[in-house]
Amino acid sequence: MTTPDHPSPASPPPASAAKDRIYRSPLGLAGGVLLLLVVLWLGFDALAKGHGRTPWLALAGLILIVPVVIAFTLRPAVFANEDRLRVRNPLRVITLPWGEIASLRSGYSNEVVAKSGTKYQLWAVPVSLRARKKAARRQQRAAADEARGVTPGSRGGGLGPGGLGLGGFSLRGPDTGPTRAETDQIVDDLRELLEHRAEAESAQGEVSVRWAYEVMAPAVAGAVLLVILVALG
């Protein structure tokens, strides 16, 4: 009697099959959803209750505004895996193999620079100057605490120096927040991927740019219809 053959264990998936890391703006998503709800509510109200040309104007406005709102709030995202960085901006999708990326810059906006010198903004990773200032203050306080020998996170209530506290304690309470702004940390993660994967054979190729005609076409159609309706009076 023969024993059945056992299947060999599955081999781990190649690096290129790894899932993408996805980066999006939570505030952008929330703002987009709220704005869409308002636009749809006003638009459908005009369609249902309007008279004369009002429903047609409302329809043209919806066809124009809805794709634009989606493009600039819900659509932007950054996808990164072991082989390439894919940037989905409002009107374009840019795919950059790590081997074709020269640098990732973070100033008043976050952007990726291809070796050709072309810059592409990361719409989904907006810069927050307020978050940077808060993170910088935390870094300064952490450095000051370290210089005084205060254990991080041990700030509490008190009535002495250093925020009216005794023995290094402060009325500000525990300060355990991040010492790096979230979007800056995302760029740091992408830079680390770039550093480790830029020379990999599977991370080579050409930069490709695809226009988002699925967003542009309905918006243009809505704009043309709106102009015709206004021109006809």
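The values are calculated or read from the model by the stated rules, or taken from the named source; none is laboratory data. All of these numbers come straight from a predicted model, not from anything done at the bench. Cβ placement follows ideal geometry from the backbone for every residue including glycine, while neighbour counts extend to all protein chains displayed. All accessible areas refer to the heavy atoms of the entire protein, side chains included, with ligands and DNA or RNA removed. Shrake-Rupley method; radii C 1.70, N 1.55, O 1.52, S 1.80 Å.
Tabulated values for the structure
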{"item": "³J(HN,Hα) computed for each position of segment 69-85 - Karplus, 6.51 cos²θ - 1.76 cosθ + 1.60, integer Hz, glycine/proline x", "result": "4, 4, 4, 9, 10, 8, 6, x, 7, 10, 10, 9, 9, 5, 10, 7, 10"}
{"item": "Sequence-distant residues sharing a close amide H with Arg21 (under 5 Å, placed H)", "result": "Ala80, Asn81"}
{"item": "Residues whose placed amide H lies under 5 Å from that of Arg84, excluding near-sequence neighbours", "result": "Trp98"}
{"item": "Order of exposure, largest accessible area first, which applies to Phe44, Phe72, Phe79 with probe 1.4 Å", "result": "Phe44, Phe72, Phe79"}
{"item": "Within segment 217-233: backbone nitrogen closer than 13 Å to the Arg53 label point (7 Å, Cα to C-beta)", "result": "225-233"}
{"item": "Tensor-based shape of segment 179-222 (alpha-carbon gyration tensor, a/c under 1.5 rounded, otherwise prolate or oblate)", "result": "oblate"}
{"item": "Inter-probe distance in nm under a simple model that places probes 7 Å from Cα toward Cβ, at Asp45 and Gln185", "result": "4.1"}
{"item": "For Arg92, residues with placed amide H under 5 Å, excluding near neighbours", "result": "Ala212"}
{"item": "Under 11 Å, Cβ to Cβ, from Glu111 - net charge with Lys/Arg +1 and Asp/Glu -1", "result": "+2"}
{"item": "Most to least accessible of Ile101, Ile70 (protein chains only, probe 1.4 Å)", "result": "Ile70, Ile101"}
{"item": "Local electrostatic count at Leu91 - Lys and Arg +1, Asp and Glu -1, tallied over other residues with Cβ under 13 Å", "result": "+3"}
